[in-house]
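Working notes, structure below.
The values are calculated or read from the model by the stated rules, or taken from the named source; none is laboratory data. In this text, all values refer to a predicted model and were calculated from it rather than measured experimentally. Here the Cβ positions follow ideal geometry from the backbone for every residue, glycine too, while neighbour counts run over all protein chains shown.
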Amino acid sequence: MKRLAVLGSTGSIGRQTLEVVSAFPDRFEVVALACGENVSLLKEQVAEFKPRLVCTELAAGAKEILGATCLSLEEIASHPDVDLVVISTSGKAGLGATLAAIRAGKKVALANKEVLVMAGGIVVAEAQKYDAEIVPIDSEHSAIWQCLNGEERRTVSKLILTASGGPFRQSTLAQLAAVTPKDALNHPTWRMGTKVTIDSATLMNKGMEVIEAHWLFDIPYSQIEVVIHPQSIIHSIVEFVDGSAKAQLSLPDMRLPIQYALTHPERWESPFREGIDFGSIVSFDFEPVDLDRFPCLKLAMEAGERGGTYPAVLSAADEVAVELFLAKKIGFPDIAAVVARTLDCHEVISYPSIEDIFAADTWARETARLGFEEAE
């Protein structure tokens, strides 16, 4: 019986995690659930899974409403009754909880991109110090993880992350200038939360995944590439020094990498399994990424290479820019412009502490908003 804490249980990944858990009621126990403000859904989840611990941003009266003990994210993540912590919160809220889980020696299943983007060096160092395991939930990183199974890192020549290309894979610059939030939220392949869906449309999501891959697999940025694969069946590829390559293939369903993260090192038969009908697939297509049309990918990869507090600034500025776009205060191409302007203003701290990272995050949010107001 694996005892789980699911942080971000009302979001897309959190809900799908609980779908997986529901399929194996005799093998998982949900000890804790946490959400932001969606208390109504959290209440339904508590009624179904009966966790002893909860956390919500709307803490007032939550104990009476939910009938469970209310703790902070960090207290839940480090609780002695929890074996595995699923970090599916969005934004910087997941960083403190991840560090708390790691310092308590927990296994962490990570779906929050900002944790490694903001503080990858610190998180990885703490995991090594406390002998804590970090396993990925993202389909691309899960694919790499599976392909590396049984392989030595020194034999890896290249990691190749695939991207669907989102809804604007073939759009012109003129067409991108007219994109609305409704257009950008219409992803052709995946069902995700609002922020991640917009980041997928700009390919900022893929740039952040490059930074994550660097930290998860200890691979230099020079050995990580991104290609467009519109079918979204090949989730990533690992190329080796002898010229051979491994790829992990599956139909696009996040429940597969979630289940693998929860059950590793075992593979369990899944009730969600839908095999690939290779006879019906006409082709697997690959295309290079046009960085003129998707400058957010370039900004993210450059921020990762520059290191220090740059990735934290990138993440925070992007969050502000996406909020402005969804509020129809800026256009789709302006997302990259807001992020680029904020990065250009930043004085980097090359070897930051957690305090430095949070300070850079706060500075970036203020600077991004100020730059927008001044541009108006």
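Evaluate the following for residue 313: is it modelled with pLDDT of 95 or more, over 30 Å from residue 107 (Cα atoms) and outside the structural domain of residue 92 (by TED's automatic domain parsing)?
no
Find the residue count for segment 322-335, including only residues that are surrounded by 23 or more Cβ atoms within 10 Å (Cβ to Cβ) and over 19 Å from residue 112 (Cβ atoms).
Number satisfying all stated conditions: 2.
Report yes if some residue within segment 303-314 is closer than 26 Å to residue 172 by Cα and without any contact (Cβ under 8 Å) to a residue 24 or more places away in the chain; otherwise report no.
Scanning segment 303-314 turns up no residue that is closer than 26 Å to residue 172 by Cα and without any contact (Cβ under 8 Å) to a residue 24 or more places away in the chain.
Answer yes or no: is there a residue in segment 226-234 that is touching a residue at least 24 places away in the same chain (Cβ under 8 Å), at negative phi and in a helix (DSSP H, G or I).
No, every residue in segment 226-234 fails to be touching a residue at least 24 places away in the same chain (Cβ under 8 Å), at negative phi and in a helix (DSSP H, G or I).
For segment 167-206, enumerate the residues that are touching a helix residue (DSSP H, G or I) at 6+ places or on another chain (Cβ under 9 Å), farther than 20 Å from residue 12 by Cβ and part of a helix (DSSP H, G or I).
Matches in segment 167-206: 168, 175, 176.
Among the residues in segment 25-43, are any among the β-branched types (Val, Ile, Thr) and more than 29 Å from residue 321 (Cα to Cα)?
Yes.
Condition check: hydroxyl-bearing (Ser, Thr, Tyr) and under 20 Å from residue 141 (Cβ atoms). Does residue 236 satisfy that?
Yes.
From the list 337, 359, which residue is part of a helix (DSSP H, G or I), of a type in the set (A, V, I, L, M), without any contact (Cβ under 8 Å) to a residue 40 or more places away in the chain and farther than 23 Å from residue 209 by Cβ?
Selected residue: 359, the only one of 337, 359 that is part of a helix (DSSP H, G or I), of a type in the set (A, V, I, L, M), without any contact (Cβ under 8 Å) to a residue 40 or more places away in the chain and farther than 23 Å from residue 209 by Cβ.
Kindly state which strands (runs of 3 or more DSSP E) lie completely within segment 18-125 and contain at least 3 residues that are of a type in the set (Val, Ile, Thr).
Fully inside segment 18-125 and qualifying: 84-87.
Could you tell me which residue of segment 149-184 is farthest from residue 198 (Cα to Cα), considering only residues that are touching a residue at least 60 places away in the same chain (Cβ under 8 Å) and under 20 Å from the mean Cα position of the chain (by Cα)?
Filtering segment 149-184 for residues that are touching a residue at least 60 places away in the same chain (Cβ under 8 Å) and under 20 Å from the mean Cα position of the chain (by Cα), the one farthest from residue 198 (Cα to Cα) comes out as 159.
On the given criteria, is residue 350 loosely packed, with under 15 Cβ neighbours inside 10 Å, modelled with pLDDT of 95 or more and not acidic (Asp, Glu)?
Answer is yes for this residue.
Which condition from (1) among the hydrophobic types (A, V, I, L, M, F, W, C); (2) crowded, with 20+ Cβ neighbours inside 10 Å; (3) more than 25 Å from residue 233 (Cα to Cα) is the one that residue 179 breaks?
(2)
Condition first: surrounded by fewer than 18 Cβ atoms within 10 Å (Cβ to Cβ) and not β-branched (Val, Ile, Thr). Now tell me which residues in segment 149-170 satisfy that.
Within segment 149-170, 149, 150, 151, 152, 153, 154, 157, 158, 170 qualify.
Checking residue 90 against (1) under 30 Å from residue 269 (Cβ atoms); (2) touching a residue at least 24 places away in the same chain (Cβ under 8 Å); (3) not charged (D, E, K, R), only one condition comes out false. Which one?
(1)
Among the residues of segment 200-225 satisfying the criterion of being crowded, with 17+ Cβ neighbours inside 10 Å and touching a Ser or Thr at 6+ places or on another chain (Cβ under 8 Å), which is farthest from residue 150 (Cα to Cα)?
200
So, of the residues in segment 136-158 that are part of a strand (DSSP E or B) and in contact with a Phe, Trp or Tyr (Cβ under 7 Å, 6 or more places away or on another chain), which turns out to be nearest to residue 100 (Cα to Cα)?
Step by step, filter segment 136-158, then rank; the result is 136.
Test residue 133 against the stated conditions and say whether it is under 25 Å from residue 224 (Cβ atoms), surrounded by fewer than 24 Cβ atoms within 10 Å (Cβ to Cβ), touching a helix residue (DSSP H, G or I) at 6+ places or on another chain (Cβ under 6 Å) and of a type in the set (D, E, K, R).
Taking the combined requirement at face value, the residue does not satisfy it.
Being buried (at least 19 other Cβ atoms within 10 Å of the Cβ), at pLDDT 95 or above and not aliphatic (A, V, I, L, M) is the filter here, so list the residues in segment 11-44 that pass it.
Matches in segment 11-44: 14, 16, 17, 28.
On the basis of being in contact with a Pro (Cβ under 8 Å, 6 or more places away or on another chain) and farther than 30 Å from residue 242 by Cα, does residue 117 make the cut?
Taking the combined requirement at face value, the residue satisfies it.
Looking only at segment 247-285, how many residues end up being within 23 Å of the chain's Cα centre (by Cα) and under 15 Å from residue 234 (Cβ atoms)?
Residues flagged as within 23 Å of the chain's Cα centre (by Cα) and under 15 Å from residue 234 (Cβ atoms) within segment 247-285 amount to 9.
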